[in-house]
Structures are given as structure tokens and as C-alpha cells.
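Engineer: Let me give you the structure first, and then I'll get to my questions.
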Amino acid sequence: MLTYDYAIVGNSAAAINAVESIRARDAAGSIGLFCEEKYRCYSRPLISYLVAGDIDTKGMYYRPGTFYRRMGVDFHPGERVTSVSSSKRTITTAGRERIKWGSLLLATGFTPFIPPIEGLDEVEHITFISWDDARDMLRLTAKPVRALVVGAGLIGMKAAEALHARGARVTVVEKLDRVLPLALDDRASELVAERCGEADIEILTGSSVALLHGRGGHGGTAVLDDGAEMEFDLLVMAVGVRPRTELAEAMGLPCERGIEVDEYQRTKVRDIYAAGDAVAAMDIVLGRPSINALWPVAALQGKYAGMNMAGDERAYPGCNSMNAVEFFGLPVLSAGIVNPPAQGYQVIVRQDEDGYRKAVLQGDVLVGMLMAGRIERAGILTSLIQERANVRRVRNSLLDEGFGHIHLPRAVRRERIEEAVAGLKAAGADRGRGE
Amino acid sequence: MMRIVPREEYCIGCRLCEVHCIVQHSRSKDIIKAFKKEKRPVKRVEVEEEGHVSFALQCRHCDDAPCVTACLSGAMQRDPETGVVTNDTERCVGCWTCILVCPFAAVRRDEGERKVVGKCDFCPDLDTPACVANCPNEALIMVEE
Ligand SMILES: Cc1cc2nc3c(=O)[nH]c(=O)nc-3n(C[C@H](O)[C@H](O)[C@H](O)COP(=O)(O)OP(=O)(O)OC[C@H]3O[C@@H](n4cnc5c(N)ncnc54)[C@H](O)[C@@H]3O)c2cc1C
Ligand code: SF4
Ligand code: SF4
């Protein structure tokens, strides 16, 4: 029977960072990596760049071709793990014997959420989450098409942009009243929607698809809730994603908002870890586990899972929601809470020819920021959010063009500059986690 | 590894570090051409100034670099031997995620032929990085950690 000291399910941000982190600590342990997709590790967020023609297939890979060999990893592409036995410490893959593991990482990511729309099963649709989806889209847009994108979240908007670059006539339908509703606020959404409008992408907010009629294959007609009808040749369903928890659930692991893990990325079962979008990660700003299905979050969790699997006990410092998007030349960055509930928060806003900026404070703590247009110094604010630093003395300069370390007390900036050199103390782990 | 350390008590805010950084990262490495004739590269060091205090800050080449972990494409990497964090502009797609997470605002947009980011690369062609070598008052120094 195949036996690995470390078995990993998944081959994306969380899995790859876990591999690197394990190898940095354990040069000898055997690592087996299983993924149902047949590609070497690639960057999922880049599928829209591939479709748009900004990068070629070579640019898709997250790590060089030598990665698995260099890391001493037995890579099993195209193998889906169908079950896990925690008592026998084995996994089973489709069409293969059982494989034994010493410790196991579930880095199974997310699956698209498919809403129950009448007639949807008559229409072939794309969920735009994988390289295969990108290939389908490239093939289907070889000639000009009319495309309908349902959902204006990150994946929907990225799909719309890529389709537009392929010469498609694009309509986006979004149930809520703005685009990128989770990542942005009203004003920033408006700015993004304006840019998309100028590029001739039609955006229908406050609108949903009530009914679909298929034409066989990818084409069909959509009936919107206001009765309007539109024909399309290509349909993208992007209304949301769900943590992929089927393996964990079958084992009886608690998975209410994603696989539950402790701060060492351990599940309830000994030697089984989980990381990435399959997990509800501890959100520093919200102070509770939350779904932040983001590449940097998945990567960092993978890194911590790897450390702990290799016996180097280190607590995951937590994450916060953060987004970097750009549509038609307008960059927008946001972190933390950008749409605070009415009470208990103060909002500072600035709008000028350089763009739109916003800071959200809770008492003396910065809990959210958004920058559209001029984004250059955004990371300083992100780090203040993560550190839950007291910003009382600098609150009036937070949104200034030159806001930086010069505005922080000398001792603080010295400490930060030195800390970076000594390894950024896991933000939040050592300081002010709120308690 | 070697690190560049700013000394604010010596910084006179002349911004020569910025100028020399730009020249060093230009195609011609000629000051007039770099500023007037070519697409001017982004500066990878920036002087922060408030009243009579100033200092120049560039990438800290963090041990646990947030930009490396966050990078969507894998372009941002830390060399395990030298500790230098560099951006492979062939692979960078200009998604700005690193700008979002760098606590030192040490990464900047560089929208030349392709959208990529620019940051301190420790001037691989020089013995001493241009900013350090050309600081008139030794406000930027190299320190061996
Ligand atoms: C179009 C698009 C754009 C995006 N843009 C951004 C962006 O700009 N910024 C950002 O931060 N995030 C972005 N994301 C989100 C980002 O891609 C995810 O957060 C990230 O991929 C999560 O990584 P992960 O390692 O948790 O898992 P995933 O990337 O979901 O990978 C999990 C892998 O495990 C495999 N797997 C699952 N179950 C099994 C099994 N039982 N057996 C074998 N293999 C299995 C899956 O097939 C998959 O290959 C984007 C996503 C998409 C789709
Ligand atoms: S770019 Fe920023 S985060 Fe990355 S190593 Fe340099 S200082 Fe650290
Ligand atoms: S802008 Fe380039 S280096 Fe920065 S995160 Fe994106 S791909 Fe990586």
C-alpha cells in the first residue's frame, strides 16, 4: 500500500504553500499530493487573464515545472479522493487502492453555488472557476457571442471583463443593488459600474433571472424577474461559492460555515488538518471565523497548516477580508469592513481628482479601508487593520496622499521597520487580538 | 543577509536616492534619458517627509514577506539563499494584491508596456544598491544581519 508521511488533497494556494512550509522543516518526510484536476498547480484567479489574452498558458502556472520534483512530492494529477478513513488513516481515490497517511491536509477549496432557477438544467453553463472553464470560454467565444453573466461578485465581474475582451456583447445581472457588493461600498461600486458601462458592458442591478429556456447547448433565452427577455449564446453562473466540505462531512467533521479548525489548522480529528477556501478562517476584524474565499488567505493558511503538520507549532494569526480589483483602468483596493452597520463606527471619506478613499474606524481602531484610483500606499492601512493598532493620533492623516511611517510615533515606526527584518511578527498573534 | 537601514537623523530629504533608483532601473541608466526620453521607471524607494523629519524607505525584504504569500501569480518570490524578495515581471499580472498587503508601501504600479509592479531588487548589477551608494549623508546604510 502506498504510504505517505503527509498526504494532501488539493493543488492550489493552500496545498502548495503547505508543501513549501512542510519542506522547509522536514527534508525527508514523504509527501503525496492528490488533485482531481489534471494541471500542475496554476493560479485560479488568472483564468480571466488567460481568456482576455493578457497572459498565455505558460503564465498560468503558480510554480515552475520542476516544483514537485524539487520539493520531493509525489504528484497525482487527475485523481479524486473519494473517501477518508480516520481510524485506518487512509484515503481512497477514484480507481485506486487505499493510501496510508501519517498526517492529512484537506485543501479542497470551494465549489460554485448553483441557484435553483427553473430551466437551468436545459442550458449548458460555465461557472468560470477552473482552467477547463477558461478553455471552454475561449472556444465558445471564437466567434462573437452575446453573453449573460449572472452575479456581479468577483468571479462574475472577472468573467464579464474577460468576455468583453473576447469581443462578446456582455450583460451582467445582479440581484443586489450594486456590483461587487461584498468587496466595495456604494460609491466604489458606482465608479466600477461606470467604467464597465463606458466599455459597453450592460449591468442590471436589482435584477434576477426568473426562468431560462434552452436552445440546446449553450444558448438560450433568459426571462428576468421584471419580465424582460434576453437571448444569449453563453451563460455564466457566478452567484457565489461554497466551501467544498464533502470529504470532511462524510467523516463527520463539523462544517457549518466551512471545515472547522482550531488556530493550528487542526480539525477535530487527530492529524487531519484543513486550510484554504474549504475552511472558515478566523477573521481578525470580525473576531470570529468567517468566509474569506481569497487567494492570500488560502495561501497563508496553507503555510500555517504546513508548519503545524511538520511539528513546528505556530498559531495562524487570522485574516481579514481584502480585495484588489481593477476594471478598465480603475484600481480599487479594500480591506476589512467597508460597509459598517450604522452604529458604533466612524467613517472618514475623501474624494478628489485622484480618486475616492475611505477609512472605517471603531473607536481608535482602524477596521476597514477602501481606495479607488490612487492606491499606492494602501498596504500601510491594511497592516494597521491587521495589527488592530491604535490610530487615534494619526486618524486625521490616514487618508492623506503621503500617509506613512513618518506619521507614526518614532518608537512604533522603528519597531515596525526592525520587525520586518526579524520576520514580521505574525500580525495580531502577538499584539492586541482584541482581548 | 544585507539590509538597507534608514537613519532619519541623517536624512536631509534631498531625494537623491529616488533619483538614482530611477536611473538605475531605467533602460539607458542615463539620468537625462531616464527622466526625459524613456518611459520613466517607478521609484523603488520613497522619501517620507513631515516638518523637518524625513527618511527614505524601500522594501524591507521581510523574512515572512506578506507580498510573497499573497501574490496571485507566484511572481513575487524570496530567494532562500540571499533573502532578497524580487518580482518576476514576466509572471506578474499587475493585480495589485501585493500593494494591498505590503506594510511599507514598498511596491508601486508600473504601467509600462504591461501592467506589473516595481519594487526594490537590491540592484543586482551593483555591489551597493544605488540609493545607498549615492546618499550624500549616509542616511541609508547597509547592515549585515
Ligand atoms: C475567476 C476567479 C477569480 C479570482 N480572483 C481572485 C482574486 O483576484 N483575488 C483573490 O484573492 N482571490 C481570487 N479568487 C479566489 C481564489 O481563486 C481562491 O480563494 C483560491 O483559489 C482558494 O485556494 P484553495 O487552495 O483553498 O483551493 P482551490 O483553489 O479551490 O483548489 C482546490 C483544489 O482541490 C481539488 N479538490 C477538491 N476536492 C478534491 C478531492 N476530493 N479530490 C481531489 N481533488 C480535490 C479541486 O479540484 C481544486 O483543484 C478568484 C477565483 C476565481 C474562480
Ligand atoms: S515588498 Fe513589502 S511586504 Fe514584500 S518584502 Fe518588501 S517590505 Fe516586505
Ligand atoms: S501585482 Fe504582480 S507581484 Fe503583485 S501580487 Fe499581483 S502578480 Fe504578484
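The values are calculated or read from the model by the stated rules, or taken from the named source; none is laboratory data. Because the structure is a prediction, the values reported are computed rather than measured. Heads up, the Cβs are rebuilt from the backbone with ideal geometry, glycines too, and the neighbour counts pull from every protein chain shown. Only protein heavy atoms, including side chains, enter the accessible area calculation; ligands, DNA and RNA are left aside. Shrake-Rupley method; radii C 1.70, N 1.55, O 1.52, S 1.80 Å.
Engineer: Give all pairs with beta carbons closer than 6 Å in which a residue from region B:63-90 that is under 21 Å from B:Gly112 (Cα atoms) meets a residue that is more than 10 Å from ligand 3 (Cβ to nearest atom) and open to solvent by 20 Å² or more (accessible area, probe 1.4 Å); count only pairs at least 6 apart in sequence or on separate chains.
Structural biologist: B:Thr86/B:Asp121
Engineer: Give me the residue from region B:79-102 that is touching a Pro at 6+ places or on another chain (Cβ under 9 Å) and more than 10 Å from chain A (Cβ to nearest Cβ) and, out of that set, nearest to B:Lys115 (Cα to Cα).
Structural biologist: Checking each candidate, the answer is B:Thr86.
Engineer: If you don't mind, there's one more thing I want to ask. Identify the single condition in (1) farther than 20 Å from B:Ala139 by Cβ; (2) in contact (Cβ under 8 Å) with a residue 60 or more places away in the chain that B:Arg40 does not satisfy, given that it satisfies every other one.
Structural biologist: (2)
Engineer: Can you pull out every residue in region A:404-429 that is touching a Lys or Arg at 6+ places or on another chain (Cβ under 8 Å), more than 9 Å from chain B (Cβ to nearest Cβ) and at pLDDT 75 or above?
Structural biologist: A:Leu408, A:Pro409
Engineer: Restricting to region B:119-132, name every residue that is within 16 Å of ligand 3 (Cβ to nearest atom) and farther than 15 Å from B:His20 by Cβ.
Structural biologist: Listed by number, the list holds a single entry, B:Lys119.
Engineer: Within region B:88-131, work out how many residues are over 11 Å from the mean Cα position of the chain (by Cα) and farther than 20 Å from A:Ile406 by Cα.
Structural biologist: Counting residues in region B:88-131 that are over 11 Å from the mean Cα position of the chain (by Cα) and farther than 20 Å from A:Ile406 by Cα gives 24.
Engineer: Here's a follow-up. Among the residues of region A:33-47, count how many are crowded, with 22+ Cβ neighbours inside 10 Å and more than 10 Å from every other protein chain (Cβ to nearest Cβ).
Structural biologist: 4
Engineer: Taking strands (runs of 3 or more DSSP E) that fall entirely within region A:1-120, which contain at least 1 residues that are in contact with a helix residue (DSSP H, G or I) (Cβ under 7 Å, 6 or more places away or on another chain) and at pLDDT 95 or above?
Structural biologist: Passing ranges, in order: A:3-9, A:31-35, A:73-77, A:81-85, A:98-106.
Engineer: Out of all the residues in region A:318-339, which are part of a loop (DSSP other than H, G, I, E, B) and either touching a strand residue (DSSP E or B) at 6+ places or on another chain (Cβ under 9 Å) or within 11 Å of another protein chain (Cβ to nearest Cβ) (or both)?
Structural biologist: A:Gly318, A:Asn320, A:Ser321, A:Gly329, A:Ile337, A:Val338, A:Asn339
Engineer: Residues that are within 16 Å of ligand 1 (Cβ to nearest atom): list the helices (runs of 4 or more DSSP H) wholly contained in region B:29-145 that include at least 3 such residues.
Structural biologist: In region B:29-145, the matching helices (runs of 4 or more DSSP H) lie at B:66-70, B:97-101.
Engineer: Would a scan of region A:58-66 turn up a residue that is surrounded by fewer than 16 Cβ atoms within 10 Å (Cβ to Cβ), touching a residue at least 12 places away in the same chain (Cβ under 8 Å) and of a type in the set (S, T, N, Q)?
Structural biologist: No, because not a single residue in region A:58-66 is surrounded by fewer than 16 Cβ atoms within 10 Å (Cβ to Cβ), touching a residue at least 12 places away in the same chain (Cβ under 8 Å) and of a type in the set (S, T, N, Q).
Engineer: Next up: Looking at region A:144-199, which of the residues that are acidic (Asp, Glu) and part of a loop (DSSP other than H, G, I, E, B) is nearest to A:Phe128 (Cα to Cα)?
Structural biologist: Filtering region A:144-199 for residues that are acidic (Asp, Glu) and part of a loop (DSSP other than H, G, I, E, B), the one nearest to A:Phe128 (Cα to Cα) comes out as A:Asp177.
Engineer: Search region A:207-219 for residues that are within 21 Å of A:Thr141 (Cβ to Cβ) and small (Gly, Ala, Ser) and pair each with any residue that is assigned to a strand (DSSP E or B) and open to solvent by 50 Å² or more (accessible area, probe 1.4 Å) when their beta-carbon atoms are under 9 Å apart and the residues are at least 6 apart or on different chains.
Structural biologist: Partner pairs satisfying both residue conditions: A:Gly219/A:Arg146; A:Gly219/A:Glu231.
Engineer: Out of everything in region B:60-77 that is more than 8 Å from ligand 2 (Cβ to nearest atom) and modelled with pLDDT under 95, what residue ends up being farthest from A:Leu300 (Cα to Cα)?
Structural biologist: Going through the qualifying residues, I end up with B:Asp63.
Engineer: Further, regarding this structure: Which of the residues spanning region A:37-61 are among the hydroxyl-bearing types (Ser, Thr, Tyr) and farther than 21 Å from A:Phe328 by Cα?
Structural biologist: A:Tyr39, A:Tyr42, A:Ser43, A:Thr57, A:Tyr61
Engineer: Separate question: Can you tell me how many residues within region A:5-20 are more than 19 Å from the chain's Cα centre (by Cα) and open to solvent by 10 Å² or more (accessible area, probe 1.4 Å)?
Structural biologist: 3
Engineer: Could you tell me how many of the residues in region A:254-293 are more than 16 Å from ligand 1 (Cβ to nearest atom), touching a Ser or Thr at 6+ places or on another chain (Cβ under 9 Å) and not in a loop (DSSP other than H, G, I, E, B)?
Structural biologist: The number of residues fulfilling the criteria is 0.
Engineer: Let me ask something else. Determine if region A:388-395 includes at least one residue that is open to solvent by less than 30 Å² (accessible area, probe 1.4 Å), within 16 Å of ligand 3 (Cβ to nearest atom) and within 14 Å of chain B (Cβ to nearest Cβ).
Structural biologist: no
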